[in-house]
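To start, the structure itself, in structure tokens.
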Amino acid sequence: MDNDGVLKMRGEIMRKINVLFICHERDINGATRSMLDLISVLKEKYNFYVLLRFDNGEVFDEIKRRKIQYFYCPYKWWKTTCTKGKYHIVARRIKWRFQWKKQNEMYAEQVAEKLEPYKIDIIHTNSSVTNFGAELSRKLGCKHIWYIREFGIEDFSTYPLVSKKEYYGEINNGSDKVVVISEALKEKYKKNVSPNKLVRIYNGVSKNNLYEKTNYNYSAPLTILQSGAISKAKGQDIAIKAISILNQKGIKVRLLLAGSGNIEELGIQKSEIPDNVVFLGKVSNLPEIRKKVDIEIVCSKCEAFGRVTVEAMMSSLLVVGSKSGGTPELVKENETGLLFESGNAIQLADRIEQVDKQRDILKKYGNRAYCEAKEFFSIERCATEIDRLYQEVMR
């Protein structure tokens with residue numbers, strides 16, 4: 001590779017492929033962290049650019065810190081979160097049809113004109129909440145990869161602002177490849193997306209999370225971690241109920257809740273929260289926290305993949321996860337962890353009690369989880385598959 005950023009192959013000069021990520025978030029959550037990890041691994045092989053929806057916040061600051069070239073456009077999502085009832089969704093659907101869709105078309109014209117000198121080859125949309133990448137790819141005449149990282153209604157209660165037919169039609173017709181991050185998610189989309197377009201690529205997690213644990217807790221009260229934004233979708237209310245059940249049985253444990261948000265989101269009164277439940281708020285040192293805990297629980301209603309699940313496995317932790325979404329693909333019951341029926345606090349308490357009584361499985365399942373995650377869910381493995389996909393669509 002020479003200083004002008006081109007690749008020399010067989011005596012000819014071939015420029016590097018230019019990839020534009022469509023980023024939808026202000027704060028750094030799982031989707032954006034995965035995007036940043038991919039860029040870090042593949043940046044020597046591709047020229048990456050990022051289109052930001054916000055010109056402030058965690059993502060904006062991190063993109064600037066990493067000196068990734070970015071563009072800004074306040075485009076509108078074509079999904080909305082159902083927090084205020086069905087009339088709220090109806091009102092937003094009307095706004096989409098008569099205002100926001102036209103705004104996005106205008107924005108796409110403006111952004112396409114600005115991007116023309118950069119010769120974008122591939123647009124990589126990083127979420128299902130926006131179709132702006134599809135709109136922009138049509139303006140630029142370039143390839144479009146649509147990365148579906150969430151179920152939508154089932155996990156985040158986000159609803160399309162268009163009809164089901166229009167939603168799936170745009171995803172299928174407005175992309176060259178549609179990437180889903182689990183077999184569970186593939187099952188949802190396979191009826192509406194062409195088989196030759198639909199690809200399952202498991203999410204990748206940075207090896208910075210790898211920690212081969214050697215000291216396990218065989219006698220002291222168990223310390224349990226649950227990480228993720230405080231919400232019904234993540235199921236902290238289920239975890240708190242399980243801890244209350246264990247307290248009634250006289251089983252001593254401590255639950256750490258790491259994540260932003262308010263307990264009001266859970267519909268639980270402060271007086272109902274046991275003393276052995278500790279709210280850490282949003283933290284930046286999860287790998288360090290995981291070194292000091294015994295179990296990580298995943299109570300999400302329906303995880304599309306479960307990035308925190310893999311991070312916990314990479315930290316040699318036994319994971320107790322809900323039997324829904326993509327979690328059972330990551331946690332092999334009675335091999336690398338334990339599963340419970342989604343939303344069932346009594347069964348979750350039973351699984352924790354089982355670990356409390358059989359402390360040897362902390363090490364046995366934790367070691368297996370570490371090896372499994374290291375081999376199958378690294379960002380390097382994911383980047384290799386994305387690299388192969390980029391090459392395929394360019395051919």
Considering only residues that are hydroxyl-bearing (Ser, Thr, Tyr), open to solvent by less than 70 Å² (accessible area, probe 1.4 Å) and modelled with pLDDT of 95 or more, which ones fall in region 68-87?
TYR75
The one condition ILE153 fails out of (1) touching a Ser or Thr at 6+ places or on another chain (Cβ under 7 Å); (2) modelled with pLDDT under 95; (3) not small (Gly, Ala, Ser) is (1)
Filtered residues of region 337-350 (kept if surrounded by fewer than 22 Cβ atoms within 10 Å (Cβ to Cβ) and within 29 Å of ARG200 (Cβ to Cβ)):
LEU339, GLU341, SER342, GLY343, ASN344, GLN347
Could you grab me the full set of residues in region 266-289 that are among the acidic types (Asp, Glu) and in contact (Cβ under 8 Å) with a residue 24 or more places away in the chain?
GLU272
Within region 285-395, which strands (runs of 3 or more DSSP E) (wholly inside it) include 3 or more residues that are β-branched (Val, Ile, Thr)?
295-298
Does ALA108 satisfy the criteria of being assigned to a helix (DSSP H, G or I) and in contact with a Cys (Cβ under 9 Å, 6 or more places away or on another chain)?
yes
Quick check on my filter: what residues within region 286-332 are surrounded by fewer than 24 Cβ atoms within 10 Å (Cβ to Cβ), under 18 Å from GLY235 (Cα atoms) and of a type in the set (Lys, Arg)?
LYS301, LYS323
Exactly one of ASN18, ASN29, ASN47 is at pLDDT below 95, under 22 Å from CYS382 (Cβ atoms), among the polar types (S, T, N, Q) and open to solvent by less than 80 Å² (accessible area, probe 1.4 Å), and that residue is ASN29
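Listed here are the residues, each with its yes/no results for (1) hydrophobic (A, V, I, L, M, F, W, C); (2) without any contact (Cβ under 8 Å) to a residue 24 or more places away in the chain; (3) farther than 30 Å from PRO328 by Cβ.
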position: ILE120; (1), (2), (3): yes, no, yes
position: GLU150; (1), (2), (3): no, no, no
position: SER157; (1), (2), (3): no, no, no
position: LYS164; (1), (2), (3): no, yes, no
position: ASN172; (1), (2), (3): no, no, no
position: LYS190; (1), (2), (3): no, yes, no
Taking the options ILE224, ILE238, ILE243, name whichever one is in contact with a Gly (Cβ under 8 Å, 6 or more places away or on another chain) and under 16 Å from GLU353 (Cβ atoms).
ILE238
Quick one: in region 248-285, which of the residues that are touching a Ser or Thr at 6+ places or on another chain (Cβ under 7 Å) and open to solvent by 30 Å² or more (accessible area, probe 1.4 Å) is modelled with the lowest pLDDT?
GLU265
Members of region 347-389 that are of a type in the set (Ser, Thr, Tyr) and touching a strand residue (DSSP E or B) at 6+ places or on another chain (Cβ under 6 Å)
TYR365
Can you pull out the residues in region 204-228 that are open to solvent by 10 Å² or more (accessible area, probe 1.4 Å) and either among the charged types (D, E, K, R) or more than 30 Å from THR384 (Cα to Cα) (or both)?
LYS207, GLU212, LYS213, THR214, ASN215, TYR216, ASN217, TYR218, SER219, ALA220, PRO221, THR223
So if I check each of SER128, SER157, which one is more than 22 Å from SER194 (Cα to Cα) and among the hydroxyl-bearing types (Ser, Thr, Tyr)?
SER157
Is there a residue in region 191-198 that is over 16 Å from the mean Cα position of the chain (by Cα), open to solvent by less than 20 Å² (accessible area, probe 1.4 Å), more than 21 Å from CYS302 (Cβ to Cβ) and of a type in the set (Gly, Ala, Ser)?
no
Filter result (under 16 Å from the mean Cα position of the chain (by Cα) and open to solvent by 10 Å² or more (accessible area, probe 1.4 Å)) within region 159-187
GLU183, ALA184, LYS186
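The values are calculated or read from the model by the stated rules, or taken from the named source; none is laboratory data. Everything numeric here is computed off the predicted structure, so don't read it as measured data. For neighbour counting, all protein chains shown are included, and Cβ atoms are generated from backbone atoms with ideal geometry for every residue, glycine included. Accessible surface is based on the protein model in full, side chains and every heavy atom, while ligands, DNA and RNA are left aside. Shrake-Rupley method; radii C 1.70, N 1.55, O 1.52, S 1.80 Å.
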